[in-house]
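Quick notes on the structure that follows.
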Amino acid sequence: MKFFIDSVDIDAIKEFNKSGMVDGVTTNPSIIAKSGRDFKEVIEEICSIVSGPVSAEVTATESSGMIEEGLFLNRIARNVAIKVPLTWEGLEACKNLSDQDIMVNVTLCFSAQQALLAGKAGATFISPFIGRLDDIGEEGMDLIRDIKTIYNNYPEIKTEILAASIRNIEHVKKAAIFGADIATLPPQVVRDLALHPLTDKGLEAFLNDWKSSGQKII
Ligand code: E4P
């Protein structure tokens, strides 16, 4: 399973890159606004660190504007994936940009039917929003399972399933079990993935026993 970092936190991206945890990065207008960073500058900086896909979202609402913004963003670096919303305008932009060999991430997907459309429009990635479905009392993870089943039924669909709106490590485990190709993770969720109380307890016991042996490795 590939991990994308769902953040523009440069320190976190560099930190996780050292252990091979960064296969790409995703951003959205809310993440950019919250960071206070200049959109183009931060995308350029991330692309200088990460060679995998870096999603940058368009803000036009009509396909022509989305295509224009997408072409502009893709000129920042070839690994910029253009994020378009799952609307008919977004699907038209997706088809146009995909036909120009530009990676497209179709975002704000909340149903398997929408994911089918994105696949037909040639999306590189489909982003089902797990946490936001959980928030309204639905089982977000069912959507990953359904999209996986549908895409498996139609091998001509090459779109990768990018589990998004991930809130905790249970989401990551279930997305992996259901076969999501990628999970995009906030930095805290990445950190939490390595934690287990028995690991801490076991390490403490090993270190205490080692100390009592009086030995040194080097
Ligand atoms: C990533 O591509 C999405 O924009 C992001 O995961 C949305 O997460 P949220 O629902 O926590 O805002």
Helix-only [θ]222 nm of the chain, DSSP H runs n ≥ 4, -39500 (n - 2.57) each, per residue, nearest 500 | -15500 deg cm²/dmol
For the chain, which whole percent of the accessible surface, found with a 1.4 angstrom probe, sits on carbon and sulfur atoms?
-> 54
Sites Ser51 and Lys201 - FRET efficiency at Förster radius 35 Å, r taken between beta-carbons, to 0.05 = 0.40
Largest to smallest principal axis extent of the C-alpha atoms in the range 41-97, angstrom | 33, 17, 14
Checking rank on 23-30, 46-53, 35-42, with mean other Cβ inside 10 Å and highest first, the result is 23-30, 46-53, 35-42
For a quick protection proxy, order the peptides 88-101, 150-163 by their average other-Cβ count within 10 Å, most packed first.
-> 88-101, 150-163
The Cα radius of gyration of the range 1-54, divided by 2.2 N^0.38 Å with N its residue count, comes to 1.04
State the extension gain, in nm to one decimal, for the chain segment bounded by Glu170 and Glu15, taking 0.36 nm per residue of separation less the distance between their alpha-carbons.
-> 53.6 nm
Rounded FRET efficiency, nearest 0.05, which uses the C-beta distance separating Trp88 from Arg191 and R0 of 30 Å | 0.15
Calculated FRET value between Gln100 and Asp142, using beta carbons and R₀ = 35 Å, to 0.05 = 0.55
Regarding the chain, what are the three Cα extents along the principal axes, ordered largest first, in Å?
-> 71, 38, 31
State, to one decimal in nm, how far the label point of Lys40 lies from the label point of Thr59, with both points 7 Å from Cα in the Cβ direction.
-> 1.3
Taking the chain as a Gaussian network, Cα atoms linked when under 10 Å apart, which of Ser127, Ser55, Ser64 shows the biggest mean-square fluctuation?
-> Ser64
From the phi of every residue in the range 17-29, what ³J(HN,Hα) in whole Hz does the Karplus formula 6.51 cos²θ - 1.76 cosθ + 1.60 yield, where θ is phi - 60° and glycine or proline is x?
-> 4, 4, 9, x, 9, 10, 9, x, 9, 10, 9, 8, x
For the range 67-78, Karplus couplings with θ = phi - 60° (6.51, -1.76, 1.60), whole Hz, Gly/Pro x | 5, 4, 5, x, 5, 5, 5, 5, 6, 4, 6, 5
Report, in whole Å, the centroid distance computed from the Cα atoms of the range 37-71 and the range 204-218.
-> 51
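The values are calculated or read from the model by the stated rules, or taken from the named source; none is laboratory data. From a predicted model like this one, the values you see are computed outputs, not experimental measurements. We place every Cβ from the backbone using ideal geometry, glycine too, and count neighbours over all the protein chains shown. Heavy atoms of the whole protein, side chains included, go into the accessibility calculation; ligands, DNA and RNA do not. Shrake-Rupley method; radii C 1.70, N 1.55, O 1.52, S 1.80 Å.
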